Structure formats: C-alpha cells, structure tokens
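The values are calculated or read from the model by the stated rules, or taken from the named source; none is laboratory data. Predicted model, so just to flag it, every value in this text is computed and none were measured. Neighbour counts are summed over all protein chains in view; Cβ atoms, including those assigned to glycine, are modelled from backbone coordinates with ideal geometry. Ligands, DNA and RNA are stripped out before the accessible areas are found, and what is left, the full protein with its side chains, is counted by its heavy atoms. Shrake-Rupley method; radii C 1.70, N 1.55, O 1.52, S 1.80 Å.
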Amino acid sequence: MRRVRLKRTVLEYTRCSKERSNSTAPRLDHLFGTILTFGCYTARVRRLIINADDFGLTAGVNRAIVEAHERGVLTSTTLMANSLAFDDAVQLAKGRSSLSTGCHVVLVDGKPLIDPGRLPNLVDGKDRNSFREGISGFAIRALSGRIDPDQVEAETTAQIRKLQAYGVLVSHVDSHKHTHMFPAALQGILRASRTCGVTAIRNPFEVVAANFARLQRGLWKRYAQVKTLHGLAGYFRKAVAKAGLRTPDGTLGIVATGHLNPDLFRNIAENMPEGTWEFVCHPGYLDADLRSITTRLRESRVEELAVLTSADTRTALEKRGVQLISYRDL
C-alpha cells in the first residue's frame, strides 16, 4: 500500500514539474544515444567510479573498504560524519591520498550533528534526538512538501564541515538511502555543497538495470522500487547543472545491493553503456559491531568485498574497455 501511494505521489510530482517547465534537457530514454551530455563532458568512452558507501560505520567496514581500494578496483568512498568508527575512518582516509573520499550525508536512520530542535521536519516524532527510520516515510514527506530544504542544508553543512575539520579533503557527496534524489533534500544538499566547496555529487538514478534485473527474481522488488522514482531524474540533472556541480551519467549497482556476486557484476559490466558511471557498493567484514547495527546488509558485505578484490572483476572491466576513475577525475 505504501509503495502504491509513493508511486502515485511521484507521478503527480513529475506531472506538475513538467507543466511548470519548458526545459529541453535530455530525457531518460535518450541516455543510450551515441553522445551523452552531463556536467561538462561528452561521453564517448566507458569510465567507471567504484564507490563504497558507509565508510565509518564500523572498523570492519573501514578495513574492507581500504582493502578493496588497495587490492581491488575500489576508487572512492563516502564517510558518515556521525558514525561508530568515524575516527578510524578519518585516519585511514588521510593516510591514503589515492582514495577519493566524500561525505555520505545521513538524513535517515541516524542522529543529527546539529541541535535536533532545528530539524523538526527530519527528526523522529518520538525520539527527537534521532532521524526518522527508513526511506519510504522520508520519500512521502519529501514529495508532499514536508521536508524543509533549509533544515537539510543546515545538517548537511555540519556533516561536511566535520569531515573537513578533521582534515578530509571532501571530493564529493552522496546520501544514505539516496535521499538526495528527492528535490527538497537535493536543494539543501546542493546549497551545502557549494558553501563547503564540494564540486561533485552522485547521480542516484540507475538506468541500465533493466537489461538483467528481470532475469533474477531476487532483484525484482528492488528494481520496481528504483524504477518508480525515475520520474525525478530530469529535475536532478537540471538542479545539479544550475548549481554548477559535476555528476556521473548515472549509477550501477543500486538494484544489485545485497545480492552482488561475480556473475551479477559481470552482467553489469557487459551491459555498461558508453559514458561516465558510478558503481555503488557496500563492502565490509561481518564482526560484532556490524551485527549490533540495524542494517539489512551483513553477509552481503563480505561477498561484495570478495567481488571487488577478485581478478575476474578487473578482467571483466578490461574486456569491456572500462577506465577506472575516482570522483576527483570528474
């Protein structure tokens, strides 16, 4: 029932947005053309950023991210400002200049850095010291006008500034559960990024999953959820361009989250079109700290680490002619 309500809200929001705009920005169904235009570059080759979310979540996650970078194909990561193993992640990031490190903005499933009293649209109605849990409720609130961009901007600025205060050169931003796909959250995150001098942001819209998602039953539900929100992609592109930030053409791996294996990664690589893309991943070690945290991604993090450090993974990318880059290379 909630998913049906969310889909109707997205469709209504998209319809209203189209009526208000005469923009000629490229539509999603043209993304597979020979020339793709996003940010300041034109796509004629295949370039891929491989980014690990949740840096700082636990020491085991931190260790896995570093291993995936040093022994595998990982090029970038995003650090959570208010996380259990934040200090450990900072030290690891500062000691590895080749690892492009951004800010993983948290607006759900966590605690704010600033006074919760300044964030009435974001904090939980019962536990006023914590954000609300789950993306579905956030999505409905965002699309119905109950998320204040100013509150998002204030909290995002605090999170980015904390990383910078600890000596992290913040190369880009993304968000936990991809909350920045919603216009109200995006507005605040873009303003905070500009204020803090961050010049790149994740494009959270996956556009190539359909080629293989329908063939794997475990991905059907996730694929349906992602597809429901594609109507917001046009607004995202225009808002990012107006703010002057850079962004990839889209993402790979969001649908596969929690299900990644060598065959699935090879399918993703084989279906990767020309352009600059980001593969989203969540490597980690399943230790006591991770078991104590509320997350659906536990055993799957170990499997993702194995994929990211496999020689077969690098071979699959080389066969497709994929150039690995980081967010600093955008």
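Going by the structure shown, is ILE147 without any contact (Cβ under 8 Å) to a residue 60 or more places away in the chain, out of contact with any strand residue (DSSP E or B) (no Cβ under 8 Å at 6 or more places or on another chain) and open to solvent by less than 40 Å² (accessible area, probe 1.4 Å)? Against the criterion (without any contact (Cβ under 8 Å) to a residue 60 or more places away in the chain, out of contact with any strand residue (DSSP E or B) (no Cβ under 8 Å at 6 or more places or on another chain) and open to solvent by less than 40 Å² (accessible area, probe 1.4 Å)), ILE147 qualifies. Among the residues of the stretch 246-281, those identified as open to solvent by 10 Å² or more (accessible area, probe 1.4 Å) and touching a strand residue (DSSP E or B) at 6+ places or on another chain (Cβ under 6 Å) are ARG246, GLU274. When the stretch 162-207 is filtered for residues that are part of a helix (DSSP H, G or I) and more than 19 Å from THR77 (Cβ to Cβ), the ones remaining, listed by number, are MET181, PRO183, ALA184, ALA185, LEU186, GLN187, GLY188, LEU190, ARG191, ALA192, ARG194, THR195.
Looking at ALA209, ALA185, which is the one that is open to solvent by less than 30 Å² (accessible area, probe 1.4 Å), at pLDDT below 95 and either touching a Lys or Arg at 6+ places or on another chain (Cβ under 6 Å) or among the hydrophobic types (A, V, I, L, M, F, W, C) (or both)?
It is ALA209.
Those helices (runs of 4 or more DSSP H) of the stretch 41-157 in which 3 or more residues are within 17 Å of the chain's Cα centre (by Cα) occupy 135-143. Give me the residue from the stretch 303-330 that is touching a helix residue (DSSP H, G or I) at 6+ places or on another chain (Cβ under 8 Å) and of a type in the set (Val, Ile, Thr) and, out of that set, most open to solvent (accessible area, probe 1.4 Å). Across the stretch 303-330, the extreme among qualifying residues is THR309. Of all residue pairs spaced 6 or more apart or on separate chains, those with beta-carbon atoms under 7 Å, a first member in the stretch 46-58 that is aromatic (Phe, Trp, Tyr) and a second member that is open to solvent by 10 Å² or more (accessible area, probe 1.4 Å) and part of a loop (DSSP other than H, G, I, E, B) are PHE55/MET80.
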